[in-house]
Amino acid sequence: MHPVRARIAGNEAGPMLAVFDTCRDFIRTVPVLQHDRMRLEDLDTSAEDHIADETRYACLARLMAPKIAAGPMTAEERWRRDWPKVPPEAVSWRVL
């Protein structure tokens, strides 16, 4: 996952990247950035992308530690983790 997207997604405690209303240049430039037509993994560098670069470098400077599994999950732990993704008809056996 891209380091900035990983920070936005965060972990169990919540997002790990916050943008405050005082970050005017971030708010002004990042939402309107476009992908490069020739290299889809890159930004169009003809636009103002300095804040996006700074954000990416800051996230890369302190990489998130990968989650380490404590051991095999029980069926109950898997159900709790996956419950929001499971369609309601698949959990009709479960009393909520």
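Taken over segment 3-27, the criterion of being in a loop (DSSP other than H, G, I, E, B) and exposed (fewer than 12 other Cβ atoms within 10 Å of the Cβ) is satisfied by 12, 13, 15, 18, 20, 21, 22. Scanning segment 28-75 for residues that are among the β-branched types (Val, Ile, Thr), surrounded by 10 or more Cβ atoms within 10 Å (Cβ to Cβ) and more than 24 Å from residue 9 (Cβ to Cβ) yields a count of 1. Within segment 42-96, being basic (Lys, Arg), at pLDDT 80 or above and part of a helix (DSSP H, G or I) holds for one residue alone: 56.
Every residue in segment 14-28 that is within 19 Å of the chain's Cα centre (by Cα) and within 17 Å of residue 53 (Cβ to Cβ), please. Selection gives 17, 19, 26, 27.
Okay, residues lined up against (1) more than 23 Å from residue 64 (Cα to Cα); (2) among the aromatic types (Phe, Trp, Tyr); (3) at pLDDT 90 or above:
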| site | (1), (2), (3) |
| --- | --- |
| 4 | no, no, no |
| 9 | no, no, no |
| 18 | no, no, no |
| 21 | yes, no, yes |
| 33 | yes, no, no |
| 36 | yes, no, no |
| 40 | yes, no, no |
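Residues of segment 22-34 that are under 24 Å from residue 61 (Cβ atoms) and either in contact (Cβ under 8 Å) with a residue 40 or more places away in the chain or of a type outside the set (Val, Ile, Thr) (or both): 23, 24, 25, 26, 28, 31, 33.
The values are calculated or read from the model by the stated rules, or taken from the named source; none is laboratory data. The shown structure was predicted, so the numbers you read here are calculated from the model rather than taken from an experiment. When we count neighbours, we look across all protein chains shown, and the Cβ atoms used for this are built from the backbone with ideal geometry, even at glycine.
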